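> My questions will all concern the structure given below.
The values are calculated or read from the model by the stated rules, or taken from the named source; none is laboratory data. For clarity, every value in this text was computed on a predicted model and none was experimentally measured. Cβ atoms come from the backbone with ideal geometry, glycine included; neighbour counts cover every protein chain shown. Heavy atoms of the whole protein, side chains included, go into the accessibility calculation; ligands, DNA and RNA do not. Shrake-Rupley method; radii C 1.70, N 1.55, O 1.52, S 1.80 Å.
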Amino acid sequence: MAHSTALAGIHSPAEDEKQTNPRGDGRKREREKSSGRGSDFSELSRRIAEADLLRRRPLYYTVRFTAVGLALAGGVAAFLVLGDSWSQLLVAAALAVVFGQLGLAAHDLAHRQVFSRRRPSEIGGLVVADVLLGMSYGWWMNKHTRHHANPNHENKDPDVAPDIIVWSRRQARQAKGPARFIGKHQAALFFPLLTLEGLNLSVSSFRALRSPSMKRPVLEGALLVAHFAVYFGGLFTLLSPGKALAFIAVHQGLFGLYLGSVFAPNHKGMPMIEAGTELDFLRRQVLTSRNVDGGALTDVFMGGLNYQIEHHLFPSMPTPALAKAQVITERYCAELGIPYCRSGLIASHRTALRHLREAGEPLREAGH
């Protein structure tokens, strides 16, 4: 996958990915509608609405959230029963998966997939994100909203800001500080860096409390402090210092690795949008996103985010409706001749790592 494109033309996908890009009538129709592309998404929306895929699914979310809640309670109970034992590292690993599922639950709440009204969505988000995860709901929602508006945009998507990792050759040539050093070896360092993602989310949450964009800094600050008071207090009360630190390392490291493994396949290695590129909503979302195939286990592991294209097109669509929406969307993109990217989970990570290596090449060349 090419590292960057103005999207006047679409770069070929990686060999291990499947991309729907039919020729013939689809291309002709796309050319004929080039002057009215804004209507393309309206037609897709009509088809999705006719299929009744935007309806809330309260039973699904009741079952799902109850299962995650029981898993969390079970992990806490096991922690209390085991006491000062190295077996607690198994509990830490299990709770890392539970925390990952809580992160996915907070994501769905933020997008109003669970509740149609804002207030219950915000209350649920604050409880799951701030209280249970130790991550600012307001900060993350602001960041994620900007990502959805401009996915893979070099200047507008906060998820591809060159803070530590560079996502394009252009960013590599302009890199300074840690990004300049890490960028040289970022493909090899990517998964090790993901183990720090849990820590990064918490630190960024506290830093964001001073931001004028935060709506409830006092409330969120109090909830975050309460979370970590219970978290660290419980660990260092029940465990010896060494075991407590080992628990934190395993728990937070695997939690970050899990979250990164869920979010990285969705856009990394897909075309980057450069400043000045004009794309309508449908193409901006489809061309920069990748779906991950894999069946029911992948659906559970990724919380439905493996249907990333449909999620970006219809952010409030409940998770269980995404699979049906995928069929409709892929067929529609085929009609228009719009490239639609799908990949297996392992293949998507392989593509992302190859993209990172290519993006960091200018830094390696400069170091010679």
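> Tell me, what is the per residue accessible area of segment 92-249 in Å², probe radius 1.4 Å?
Here the residues of segment 92-249 average 47 Å² of exposed surface.
> Let me ask you something else. Quick check: the distance between the Cα centres of segment 97-116 and segment 152-167, to the nearest angstrom?
24 Å
> While we're on this one: Helix 137-149: angle to the longest alpha-carbon principal axis of the chain, degrees 0 to 90, nearest 10?
Roughly 10 degrees between the two axes.
> To continue, here is another question. Could you tell me which of the pairs 143/176; 143/324; 156/215; 215/243; 268/324; 156/184 are separated by over 31 angstrom between their Cα atoms in the structure shown?
Too far apart for the 31 Å limit: 215/243.
> Given R₀ = 25 Å, what would the calculated FRET efficiency be for residue 328 paired with residue 261, taking r from the Cβ atoms and rounding to 0.05?
0.35
> With a 10 Å cut-off between alpha carbons and a GNM built on the chain, which of 266, 155, 291 moves the most?
155
> Charges on Cβ only, +1 for Lys and Arg, -1 for Asp and Glu, centred on the Cα centroid of the chain; of 236, 204, 259, which one is farthest towards the dipole's positive end?
204
> Can you tell me the FRET efficiency between residue 82 and residue 278 if r is taken as the Cβ-Cβ distance and R0 is 45 Å, rounded to the nearest 0.05? Please report the intermediate quantities before stating the final value.
Values: r = 58 Å, r/R0 = 1.29.
About 0.20, to the nearest 0.05.
> Taking the solvent-accessible surface of protein heavy atoms with a 1.4 Å probe, what is the per residue accessible area of segment 257-324 in Å²?
I get 28 Å² per residue for this part.
> Right, something else. Probe 1.4 Å, all protein chains in place: accessible area of residue 354 in Å², nearest 10?
The accessible area comes out at roughly 90 Å².
> What angle, in degrees between 0 and 90 and rounded to the nearest 10, separates the Cα long axis of helix 241-267 from the longest principal axis of the Cα atoms of the chain?
That helix lies at roughly 10 degrees to the long axis.
> Next question, about the same structure. For the chain, take the longest principal axis of its alpha carbons; what is the angle in degrees between that and the long axis of helix 38-50, to the nearest 10 within 0 to 90?
Computed tilt is about 60 degrees.
> Mind telling me which of 272, 214, 302 comes out most flexible in a GNM of the chain, alpha-carbon contacts under 10 Å?
Its mean-square fluctuation being the largest, the pick is 214.
> Next up: Remind me, relative contact order of the chain in percent, using alpha carbon pairs under 8 angstrom and six or more residues apart?
Worked out over the chain, it gives 33 percent.
> Then there's this: Out of the total accessible area of the chain (probe 1.4 Å, heavy atoms of protein only), what percent is carbon and sulfur?
62 percent
> Same structure, new question: Could you tell me the calculated FRET efficiency between residue 193 and residue 70, based on Cβ-Cβ distance and R0 = 35 angstrom, to the nearest 0.05?
FRET efficiency, residue 193 to residue 70: 0.65.
> Right, something else. Is there a quick way to get the dipole size of segment 143-298? I mean about its Cα centre, with the Cβ of Lys and Arg at +1 and of Asp and Glu at -1; what is the value in debye to the nearest 20?
The calculated dipole for segment 143-298 is roughly 400 debye.
> Here is a follow-up. Given the protein chains as shown and a 1.4 Å probe, how many square angstrom of residue 185 are accessible, to the nearest 10?
Approximately 90 Å² for this residue.
> Next question. Which whole-percent values make up P(r) of segment 199-269 when all C-alpha to C-alpha distances are grouped in 5 Å steps starting at zero?
Reading upward from the zero bin: 3, 14, 17, 18, 17, 17, 10, 4, 1.
> Using a cut-off of 11 Å between beta-carbons, work out the net charge of the residues near residue 213 (Lys and Arg +1, Asp and Glu -1, residue 213 not included).
Taking every Cβ under 11 Å from that of residue 213, the sum is +4.
> Rounded if a/c is under 1.5, else prolate if a/b is larger than b/c, else oblate: which is segment 122-213, with a ≥ b ≥ c the root eigenvalues of its Cα gyration tensor?
Because a/c hits 1.5 or more and a/b exceeds b/c, segment 122-213 counts as prolate.
> Based solely on its DSSP helices, what 222 nm [θ] is calculated for the chain when runs of n ≥ 4 H residues each add -39,500 (n - 2.57) and the sum is averaged over all residues, nearest 500 deg cm²/dmol?
Result for the chain: -19500 deg cm²/dmol, rounded to the nearest 500.
> I would also like to ask the following. Using +1 on the beta carbon of Lys and Arg, -1 on that of Asp and Glu, and nothing else charged, what's the dipole of segment 40-169 about the Cα centre, debye to 20?
Computed charge dipole of segment 40-169: roughly 460 debye.
> Mind checking the dipole of the chain: about its Cα centre, +1 per Lys or Arg Cβ, -1 per Asp or Glu Cβ, Debye to the nearest 20?
Magnitude of the dipole: close to 580 debye.
> Provide the percentage of antiparallel DSSP beta bridges, counting only those with both residues in the chain; round to the nearest 5. Write out the running numbers ahead of the final one.
Numbers: 4 of 9 bridges.
Here the share of antiparallel DSSP bridges comes out near 45 percent.
> Please work out how much length the chain gains when fully extended from residue 142 to residue 89, using 0.36 nm per residue of separation minus the C-alpha to C-alpha distance, in nm with one decimal.
Stretched fully, the residue 142-residue 89 segment lengthens by 15.7 nm.
> Below 8 Å between Cα atoms, with a sequence gap of 6+, how large is the relative contact order for segment 155-268 in percent?
Taking the mean separation of contacting Cα pairs over the length of segment 155-268, I get 29 percent.
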